[in-house]
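One structure is given here, and the rest of the page talks about it.
The values are calculated or read from the model by the stated rules, or taken from the named source; none is laboratory data. Values in this document were obtained by computation on a predicted structure and should not be read as measured data. Cβ: placed from backbone, ideal geometry, glycine included. Neighbour counts: every protein chain shown. These area figures cover heavy atoms from the full protein model, side chains too; ligands, DNA and RNA do not enter into them. Shrake-Rupley method; radii C 1.70, N 1.55, O 1.52, S 1.80 Å.
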Amino acid sequence: MTATGTILRAQRRYWQRHRLQAGLCLLGIVIGVSVYVAILLANQGALESFRRSIADLTGNATHRVINPAGAPIADAVYATLARLPAVEAAAPRMQAVGQLNGRSVSVLGIEPIADLAFRPLDLAPTAAPEAPARGEAGEDGVNRLLERLVAEPGTVLLPRALAAEAGIYLHRPIVVTVRGAPVTLRPIGTFGVPQRRAATFATMLIMDVATFQERIGDLGAVQGIDLILEPGTAGQVAAVLPPPLRLEPAGSNVGRVETMSGAFRFNLQALGGFALLVAMFLIFNAAMFSVVQRSGTLAVMRCLGASRRRILLALLTEAGLLGLAGGMAGILLGWLLAQAMIGNTAATPFEGVVNERTPTLAVQLDLRTWAIGLALSVGTAIGGAMWPAVEAARLPPLAAMRGSRAMPEARLRIHRWLLGSALCGLVALALVLPTRGPLAAGTVGATAVALAGAMLAPPLLVWCSRLLSPLLGRWFGPERAHGD
């Protein structure tokens, strides 16, 4: 049998006899990778769903008018913009989050006729008061429905699926709780939701903006104005706006949300990095322990002709395979965790920025996530096992043949641990002490503090052992037993 075959056979037998130790290594990798992947997927899914919802809400709009202070915009501004030659279409918009029959819904106030240029909907009017919320479509029927939505007070349109699930009948009043107050509305029609817009409009109630102002609040004002402008006329329109109103391209709040939530997402990613760091220490300890246990076997292999390079490659391959297995399980577990946490991750952009309920979000497990997760798991495993593997390959066969006691003496160089701890401490002081520094510097500094403490642990353990050994030997060792 070749030297490589002998090494592989010895490794297989070792891990068969130490399944619990292998399980602990795998558990550390699984936990670290799953936390990192869950955070990665939750962040990506929340931002992607937010982008889609913003695109659905803005529709065909090219620009929109907002008040950076968050205050309402006077109706007179909308009337002025609608008359400008550069404005091809203008539509006001108001939004609020409410509760209907125990379900979280969004309430959208629009100008029905003007809004058709932005968000065309598949409307279905129904004339029979006792009929459930469904009906036939048609251009004449849709026009009459829109006219009724404007002319009749307290009227509202519902998604067909929501009306059917909630058992809502047309022309029978419903009560929606908005901003803590009950609002009585009368459904007069339904609309279909395309599959690509299901996350945004599946629980959206649509009413005339005047009804919104009267029943919910903000009389004489709107929250935003959507515009379709002729190319190159944005400057002319912006000049008409009174301060502090601002004209911005449609969908630009996506970038603003990414900036606002950047610190939050970075902190989550740093948390995932710490989980991987903990996994690396677990692997390091397990690899060092396994090398100490196998010191005699490794020495025999060296005597049989196995080179240092083969020993090193075998130990790192062993760690890589553990990392691969743990990474695959960690990615699947991280996907399940991301599905549980994505709702909380997405709550800030949806409810705090666009005043819309958080929709049901899906987490996509793509090839990119698999590649990142496996690279991290294998890299973490090999990185954690690198030092013990190098020390095992460098150990002379005769020294290893003396038993496991020779290994700590060969590998433990206290001055190196102290130097590494001091360097990490200096890096931490340089990054953490400044009161005004970038977020990344603080995270790196916190990591350096953790590394400094971890590197200081082995020398402290050796010193405490040397200090307490005489006392412990006198109390519990052979001398005490002989005296008794």
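Overview of values
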quantity	calculated
Residue list for region 397-454, filter: in a helix (DSSP H, G or I), of a type in the set (Lys, Arg) and modelled with pLDDT under 75	Arg411
Criterion: modelled with pLDDT under 80, open to solvent by less than 40 Å² (accessible area, probe 1.4 Å) and farther than 30 Å from Gly445 by Cα - qualifying residue of Arg294, Arg302	Arg294
Qualifying positions in region 73-89 - open to solvent by less than 20 Å² (accessible area, probe 1.4 Å) and touching a Gly at 6+ places or on another chain (Cβ under 8 Å)	Ile73
Single condition Val150 does not satisfy, out of (1) assigned to a strand (DSSP E or B); (2) modelled with pLDDT of 85 or more; (3) of a type in the set (A, V, I, L, M)	(1)
Among residues of region 72-116, those that are under 35 Å from the mean Cα position of the chain (by Cα) and either in contact (Cβ under 8 Å) with a residue 60 or more places away in the chain or part of a helix (DSSP H, G or I) (or both), counted	22
Count - residues of region 90-101 that are more than 23 Å from Ala166 (Cβ to Cβ) and open to solvent by 20 Å² or more (accessible area, probe 1.4 Å)	1
